[in-house]
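First comes the structure, then the notes that go with it.
FYI, it's all coordinate maths here, none of it is from the lab. Quantities reported herein were computed from a predicted structural model and do not represent experimental measurements. Glycine also receives a Cβ, built like all others from the backbone with ideal geometry; neighbour counts cover every protein chain displayed.
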Amino acid sequence: MQKRTLIITGMHRSGTSLITHWLAKCGMQLGEKMVEPGPGNAEGHFEDVEFLKIHEEILTNHNLPRNGLTDGYVDAVSIYEKEKIKSIIRVKQQLYDQWGWKDPRTCMFLDVYKELIPDARYLVIMRDYRLVTSSLLRREFKTVDRKYLGRKYLSRLVWLIFRRARRKQSFYRINAEAYLKVWINYTSDILACIKKLDPDAFVVVNYNMLSEEDTRVFGHLQNKWNFSLTYSKFKDVFKENLIGQDIDIDPYITNKALLNQAKQLQDELMGYMSL
């Protein structure tokens, strides 16, 4: 039987965890050990720890942040690093006829995986650049917020009444542009990859469409790519109450050319949507 591999790829905060959760419910093997739920993903990240660790290791080796929130690049994966990735893939291929994984950092190594798993299928998850940047700002500010909310009563009161609103605005001004650059970086990597792939090897999906179009995506996975799955409703894993209030990021972006660049990349990626 031909081995089937699904690479779920997309920028942080694009709904990759949600879609991977859904695919796990449908019976896809997505890792023996998953990253635990956290403040940013109460339902779980659904990231294979093995791929996460090797990606973090490579980023650290190249003096980039482990979380992948960077507009920098890994110029070249070393032979040693590539062999470690190969060993993970080799074990997966031996254990499973069909398997896959999700980690947003995968976007930074798509050329490596294209070489190592030439027959892989790519489920590309896209989300509007404004919403992604907004979601990152809200998630990362929660770390600051929790630090002060964990203090004694008086300090907590001062934070909530006098300092929190100003600090939030300052945090947004400092970080919005940087997070938008990350979205641009990841989306550029995705586009560079899919342009080299056979059109039958990838599907671009906006996670917002899953609530109404999950059967079409499921049908493609099952009938076009021959993954053996059992249908489960996407609505069973989607919890609207976990979606926060979006921020208008435009006032926080000093370099307006970045907004135009992001819009162009988004339009280009949307042009590949076929379902």
With both bridge residues required to lie in the chain, what share of the DSSP beta bridges run antiparallel, to the nearest 5%? 10
Ranked list, fewest to most other Cβ atoms within 10 Å of each Cβ, for Ser135, Ser232: Ser232, Ser135
Sort Thr5, Thr60 so the one with the fewest other Cβ atoms within 10 Å of its own Cβ comes first. Thr60, Thr5
Cα lying deepest toward the dipole's positive end in segment 16-145, options Thr133, Asn63, Ser78, charges on Cβ: Thr133
Calculated from backbone phi, Karplus (6.51, -1.76, 1.60) coupling profile of segment 2-13 in Hz, x at Gly/Pro: 5, 6, 10, 10, 10, 9, 9, 10, x, 5, 3, 6
Residues with amide H under 5 Å of Thr70's amide H, sequence separation 5 or more or different chain, H placed in the peptide plane at 1.01 Å from N; which? none
Could you give the alpha-carbon Rg of segment 4-270 over 2.2 N^0.38 Å, rounded to two decimals? 1.04
Do any trypsin sites (Lys or Arg not before Pro) in segment 82-129 lie in a loop, going by DSSP, with at most 11 other beta-carbon atoms within 10 Å of their beta carbon, and if so which? none
Calculated FRET efficiency for the pair Leu95/Leu259, C-beta based, R₀ 41 Å, to 0.05: 0.35
